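Since every read-out is calculated from the coordinates, none of them should be taken as a lab result. All values reported here derive from a predicted model rather than from experimental measurement. Here the Cβ positions follow ideal geometry from the backbone for every residue, glycine too, while neighbour counts run over all protein chains shown.
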Amino acid sequence: MSDPLSRRDALKKLALLLGAAGVADAYAPARAAELPHLSPDDPNAVALAYHLDASTVDPKQFPTYRRGQSCDSCLQLQGKEGDPWRPCNLFPGQLVNAKGWCRVWVPKN
């Protein structure tokens, strides 16, 4: 039968686990920079009417679009403010152009 885990051993293991998680988070920006850029031809991009540049969106074709909307001002966009290509919640594993737009645009609060 195994010995019960002492409080000291449990705290040591927890500290080791939290330290490893912190190191992994430190490399997250480097991993994000390695992600591919989302292509407007990607099936998910087509389904959500993703445009690389919001200034090319035709308001007649996309009536939900309003001038001034872009990925940079959308709640779904993640990553470091000011980066031209950033992760988006809608397109996991790919980076979107901060100047882009899609029909799921939601204003930042």
Cα gyration tensor shape of region 59-109, rounded if a/c is under 1.5, else prolate or oblate by comparing a/b with b/c: prolate
5 angstrom amide H check on TRP85, placed H, neighbours 5+ away: ALA98
Sorted by Cβ neighbour density within 10 Å, fewest at the top, the residues LEU52, LEU77: LEU52, LEU77
Sorted by Cβ neighbour density within 10 Å, fewest at the top, the residues LEU90, LEU48: LEU48, LEU90
Exposure proxy ranking, count of Cβ atoms within 10 Å, fewest first, for ARG103, ARG7: ARG7, ARG103
Under 13 Å, Cβ to Cβ, from CYS74 - net charge with Lys/Arg +1 and Asp/Glu -1: +3
